[in-house]
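Below is one structure; the comments refer to it alone.
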Amino acid sequence: MFEPPSWDERYSGQEKLWSGNPNPQLVAVAAGLTPGTALDVGCGEGGDVIWLARQGWTVTGADFSANGLARAARHAEQAGVADRVDWWQVDARTFVAGGRSFDLVTSHYLHPPDGGIVEVTRRLAEAVAPGGHLIVVGHAPSEVFAQLGPTHRRAMFVAEELLPALPDDFEALAAEQRPRTLIRDGVTVEVHDSTLLARRTS
Ligand SMILES: C[S@@+](CC[C@H](N)C(=O)[O-])C[C@H]1O[C@@H](n2cnc3c(N)ncnc32)[C@H](O)[C@@H]1O
């Protein structure tokens with residue numbers, strides 16, 4: 001689950017893996033921002049990319065799965081926002097912004113193993129334009145995920161662990177676990193989204 005082949009396999013069938021709805025922490029943050037350029041890393045099937053494009057953002061969807069990106073591009077086409085989006089196949093663990101910068105950099109539920117999300121957050125921060133925002137969201141450790149293996153559970157994190165990844169010219173606006181309900185096997189369960197929101201000051 002931590003390398004492109006397994007995600008390409010998951011995205012190779014017909015069935016949609018995700019709802020297509022935007023993630024609630026993203027909506028809560030972006031609804032208060034003036035649309036500009038955005039980068040969504042680990043964009044999967046493109047639900048957040050499409051929602052942002054509909055709000056007026058010009059969006060780059062990034063993922064290391066070619067099949068995921070192909071699906072996302074199809075969904076963006078169907079949603080009529082293809083002219084506001086582009087795609088970037090890249091591994092978040094090694095990507096460099098390379099001179100590109102964005103008013104909003106967002107990443108949801110990208111869980112590299114062995115604490116890798118801290119280094120990913122540091123790299124994401126480098127892609128934020130002055131005055132821009134960074135939002136990183138993942139699953140907080142919980143008994144709800146007890147069925148997963150130890151490597152997966154260790155890949156979960158709390159938002160405070162990400163704070164050391166912020167460069168000096170960032171201010172943290174929130175680093176907290178936000179409750180969210182999801183329906184699993186017909187049962188409503190409460191989980192917590194570890195949410196880091198930060199702004200680049202210069
Ligand atoms: C759980 S899905 C979440 C997709 C989307 N963000 C959403 O919330 O619906 C995680 C996504 O991150 C991608 N991913 C995982 N590790 C990655 C990495 N190291 N670099 C880039 N993408 C990665 C996977 O291919 C997958 O599309």
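The values are calculated or read from the model by the stated rules, or taken from the named source; none is laboratory data. Please read all numbers here as calculations on a predicted model, not as lab measurements. In this analysis, Cβ positions are derived from the backbone assuming ideal geometry, glycine residues included, and neighbour counts consider all displayed protein chains.
What the table shows:
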{"read-out": "Residues within the range 160-197 that are over 15 Å from the mean Cα position of the chain (by Cα) and either part of a helix (DSSP H, G or I) or of a type in the set (Gly, Ala, Ser) (or both), tallied", "value": "9"}
{"read-out": "Residue within the range 72-82 that is under 13 Å from the mean Cα position of the chain (by Cα), at pLDDT 95 or above and under 21 Å from Arg123 (Cβ atoms) present", "value": "no"}
{"read-out": "Enumeration of residues in the range 98-114 that are closer than 26 Å to Met1 by Cβ and out of contact with any Leu (no Cβ under 7 Å at 6 or more places or on another chain)", "value": "Tyr109, Leu110, His111, Pro112, Pro113, Asp114"}
{"read-out": "Failed condition for Leu33, given (1) surrounded by fewer than 22 Cβ atoms within 10 Å (Cβ to Cβ); (2) within 10 Å of the ligand (Cβ to nearest atom); (3) at negative phi", "value": "(2)"}
{"read-out": "Single residue of Gly99, Gly36 found to be over 16 Å from the mean Cα position of the chain (by Cα) and free of Cβ contacts under 8 Å to residues at least 12 places away in the same chain", "value": "Gly99"}
{"read-out": "Candidates Pro167, Pro130, filtered to the one that is out of contact with any Asp or Glu (no Cβ under 7 Å at 6 or more places or on another chain) and closer than 15 Å to Leu39 by Cα", "value": "Pro130"}
{"read-out": "Residue match in the range 54-61 (condition: of a type in the set (Ser, Thr, Tyr), closer than 22 Å to Phe2 by Cα and surrounded by fewer than 19 Cβ atoms within 10 Å (Cβ to Cβ))", "value": "no"}
{"read-out": "Which listed residue is in contact with an Asp or Glu (Cβ under 6 Å, 6 or more places away or on another chain) and either modelled with pLDDT of 95 or more or part of a loop (DSSP other than H, G, I, E, B) (or both), from Val49, Val59, Val27", "value": "Val49"}
{"read-out": "Residue that is farthest from the ligand (Cβ to nearest atom) [pool: residues in the range 7-19 that are surrounded by 11 or more Cβ atoms within 10 Å (Cβ to Cβ) and not acidic (Asp, Glu)]", "value": "Ser12"}
{"read-out": "Residues of the range 101-126 satisfying the condition of being in contact with a Phe, Trp or Tyr (Cβ under 8 Å, 6 or more places away or on another chain) and surrounded by 23 or more Cβ atoms within 10 Å (Cβ to Cβ)", "value": "Leu104, Ile117"}
{"read-out": "Residues (under 20 Å from Trp51 (Cα atoms), aliphatic (A, V, I, L, M) and either exposed (fewer than 15 other Cβ atoms within 10 Å of the Cβ) or touching a strand residue (DSSP E or B) at 6+ places or on another chain (Cβ under 7 Å) (or both)) located in the range 71-100", "value": "Ala72, Ala73, Ala76, Val85"}
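Yes or no, residue by residue, for (1) within 13 Å of the ligand (Cβ to nearest atom); (2) under 21 Å from Ala198 (Cβ atoms); (3) hydroxyl-bearing (Ser, Thr, Tyr):
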| position | (1), (2), (3) |
| --- | --- |
| Asn21 | yes, no, no |
| Leu26 | yes, yes, no |
| Gly46 | yes, no, no |
| Ile50 | yes, no, no |
| Asp63 | yes, no, no |
| Ala76 | no, no, no |
| Ala97 | no, yes, no |
| His111 | yes, yes, no |
